[in-house]
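Bear in mind these aren't lab numbers, they're just calculated from the coordinates by the rules spelled out. Only a predicted model underlies this, so the values are computations on that prediction, with no experimental measurement involved. All Cβ positions, even for glycine, are placed from backbone atoms using ideal geometry, and neighbour counts span all protein chains on display.
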Amino acid sequence: MKFRTLVLSLFAFAVIIAGCGDDDNPVGTNDPDSGVDTVSFASDVQPILNSSCALTGCHIDGMSAGGFSLGTLGNSTYSATRNGTGDNGAIIVAGSGSTSNLYLKTTSSPPFGGQMPVGGSITSAQQLILKNWIDQGALDN
């Protein structure tokens, strides 16, 4: 009987702990007006770009696939990201993630070419971070 009580107690504890997470707001500081986290370029966006896009043969100076460079190997810059253009126009439309090429190219059906990065290493949570950052004005924060 004590074993069953222990198992049930542990199960209840696990359910309570699992409910404490905030999966709808994976990063940043929650904006009470919109309910969406404020996304930081330096803390949230840049690490995604550095590990998935600013790579050899991809989007770095001297090897700018699609006519777009994020900066140097493993070091995307805000200026190159925010102000960049490629073969298909502006990379960012500030305030409109759903029409920005940076976000659209990470989706399963981009409007041109294949999904980026090659191999699809960006998760849906990372896609949401990119989209939210652009929707929030693509700020250097």
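Multiplying the residue separation of ALA42 and VAL118 by 0.36 nm and removing their Cα-Cα distance gives an extension gain of 25.0 nm.
With a Förster radius of 22 Å applied to the beta-carbon distance between ALA94 and LEU73, the computed FRET efficiency rounds to 0.25. In a shell of Cβ-Cβ distance under 13 Å around ALA42, excluding ALA42 itself, what net charge do Lys and Arg (+1) and Asp and Glu (-1) give? After counting each charged neighbour, the total is -1.
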